[in-house]
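The values are calculated or read from the model by the stated rules, or taken from the named source; none is laboratory data. Predicted, not measured: the structure shown is a model, and the values here were computed from it. Using ideal geometry, Cβ is built from the backbone for each residue, glycine included, and neighbour counts are taken over all protein chains shown. To get the accessible areas, we keep the full protein, side chains included, count just its heavy atoms, and leave off ligands, DNA and RNA. Shrake-Rupley method; radii C 1.70, N 1.55, O 1.52, S 1.80 Å.
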Amino acid sequence: MDIDYPAEAEQFRGEVRAFLAEHLPADWTGIGALDEEPAWDFARQWRSLLAERGYLSVTWPVEYGGLGLSKLHHVVLVEELARVGAPWGMPHDTFGVKMLGRTLLQWGTEEQKREFLPRILDGSQVWCQGYSEPGAGSDLASLTTRAHRDGEEWVINGQKVWTSGAHQADWIFALVRTDAAARPHAGISFLLVPLDQPGVQVRPFRMLTGQPHFNEVFFTDARTGADRVVGAVNDGWNVAQSLLGVERGEEAATNPILFRAELERLIELAKRYGKDQDPLIRQRIAWCWSKVEIMRYLGYRTLTGWLKGAPAGPESSIAKLYWSEYHTKVTDLAMDIMGLHAQVIEGRAPLRTYRTDDPGAAGTSGSWTTTYLIARSGPIYAGTSQIQRNIIAEKVLGLPREPRALAEG
């Protein structure tokens with residue numbers, strides 16, 4: 001494996017570093033070092049600056065507001081942002097720019113691209129993802145939210161759950177069943193639905209951390225235009241599958257950087273609490289270090305396939321299982337280092353609601369304890385550990401599929 005980047009990528013890296021040196025404060029140590037309100041203020045201003053420079057849409061065609069560069073250029077950008085602890089956009093950009101934007105570029109009509117892409121980039125339109133349902137999480141093909149045509153509109157009824165950021169979103173891209181007689185993976189369509197209408201109710205609920213993030217979304221005769229199907233009617237499963245692979249390269253590049261930086265903060269935490277000479281703590285820190293190194297090489301492997309355009313394979317499941325299980329262990333260690341001090345919350349919680357704490361975090365109990373609680377969700381969201389193990393068993397090890405229980409009667 002050649003882990004050196006070509007000359008054009010390194011040239012772009014130099015441009016990004018010059019941009020960061022020009023626009024970040026001289027005393028910058030990462031967004032985690034800022035108090036909560038200044039951190040959000042910085043994130044909003046920084047997002048506007050990135051959008052203006054074209055760094056939110058590096059790989060998009062120029063005619064749609066992008067730079068027309070390669071996937072590798074995008075990887076270089078997110079690597080450099082991760083190294084300095086600066087965010088790439090706002091939380092909702094995961095759904096708008098990363099997921100829907102790239103999906104529209106592949107599957108959308110020209111009218112859909114012209115209508116939605118500019119608003120996604122300038123931040124005037126906030127999106128969320130409507131996939132999971134109370135009875136369709138890991139088994140997404142069993143979803144029951146349905147839609148039927150009524151003249152020039154789709155009428156939607158059903159429920160979505162675990163919908164991140166829906167309480168702050170204007171629109172939702174949702175998988176709905178448009179042919180009840182079709183096989184489970186068929187008969188599903190990918191719809192773009194406005195949330196600000198009488199037929200939609202959004203109910204937020206709080207996580208263990210106390211933060212509102214997830215939501216239930218109820219559709220009762222909600223409506224959207226007949227022309228707001230992405231891809232063909234009843235072909236939404238293929239659209240959804242292409243969307244699931246859009247983050248593979250970025251995560252493969254940034255996860256090792258973010259987890260390494262978090263581990264370095266953990267080592268500083270051990271020193272501050274006088275635990276750095278404890279042989280058992282040192283052994284556990286060494287274990288974490290080895291896992292982060294392995295994560296780095298797993299990332300290279302995933303990144304190589306992604307850059308070659310290979311479809312999402314079992315390596316994505318390996319990576320997801322690996323980092324999510326690791327993160328529960330490293331945050332367990334943080335709690336053991338702090339002991340009873342972990343129960344006295346000092347300092348702000350992370351802005352991030354997934355994966356590591358904020359880059360440059362001060363290492364307070366508020367940061368570590370909240371990150372510990374967030375880590376409990378890692379083996380559940382984006383595909384549970386049980387599902388990831390099934391995929392690895394079947395696709396990598398060639399084991400037979402798990403038998404399904406026979407229906408009674």
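Here are some notes:
- The residue that is farthest from G366 (Cα to Cα), among those in region 15-36 that are assigned to a helix (DSSP H, G or I) and open to solvent by 40 Å² or more (accessible area, probe 1.4 Å), is E15.
- Single residue of A39, A51, A43, A9 found to be in a helix (DSSP H, G or I) and in contact with a His (Cβ under 7 Å, 6 or more places away or on another chain): A9
- Scope region 341-361; condition assigned to a loop (DSSP other than H, G, I, E, B), over 15 Å from the mean Cα position of the chain (by Cα) and free of Cβ contacts under 8 Å to residues at least 40 places away in the same chain; matching residues: V344, I345, E346, G347
- Selected residue [open to solvent by less than 40 Å² (accessible area, probe 1.4 Å) and at pLDDT 90 or above] from A232, A253, A240: A240
- Residue in region 116-128 that is closer than 27 Å to N255 by Cβ, open to solvent by 30 Å² or more (accessible area, probe 1.4 Å) and at pLDDT 95 or above present: no
- Search result, residues across region 137-159 that are in contact (Cβ under 8 Å) with a residue 40 or more places away in the chain, surrounded by fewer than 16 Cβ atoms within 10 Å (Cβ to Cβ) and either among the β-branched types (V, I, T) or in a loop (DSSP other than H, G, I, E, B) (or both): S138, G151, E152
- Figure legend. Inter-residue proximity from region 9-36: first residues under 20 Å from T59 (Cβ atoms), second residues surrounded by 15 or more Cβ atoms within 10 Å (Cβ to Cβ) and among the acidic types (D, E), beta-carbon distance below 7 Å, spacing 6+ or different chains. Indicated pairs: R13/E80; V16/E80; R17/E80; L20/E80.
- Restricting P279, P350, P359 to residues that are of a type outside the set (D, E), more than 15 Å from A252 (Cα to Cα) and open to solvent by less than 20 Å² (accessible area, probe 1.4 Å) narrows the list to P350.
- Among the conditions (1) in contact (Cβ under 8 Å) with a residue 60 or more places away in the chain; (2) under 30 Å from V229 (Cα atoms); (3) among the hydroxyl-bearing types (S, T, Y), the only one that Y64 does not satisfy is (1).
- Residue list for region 178-200, restricted to those being part of a strand (DSSP E or B) and under 24 Å from the mean Cα position of the chain (by Cα): I188, S189, F190, L191, L192, V193, P194
- Only one entry in S385, S377, S365 is over 20 Å from D35 (Cα atoms), among the hydroxyl-bearing types (S, T, Y), modelled with pLDDT of 90 or more and open to solvent by less than 30 Å² (accessible area, probe 1.4 Å), namely S385.
- Single residue of S324, S317 found to be in a helix (DSSP H, G or I), over 20 Å from L266 (Cα atoms) and open to solvent by less than 20 Å² (accessible area, probe 1.4 Å): S317
- Summed over region 203-223, the residues that are assigned to a strand (DSSP E or B), hydrophobic (A, V, I, L, M, F, W, C) and within 21 Å of the chain's Cα centre (by Cα) give a count of 3.
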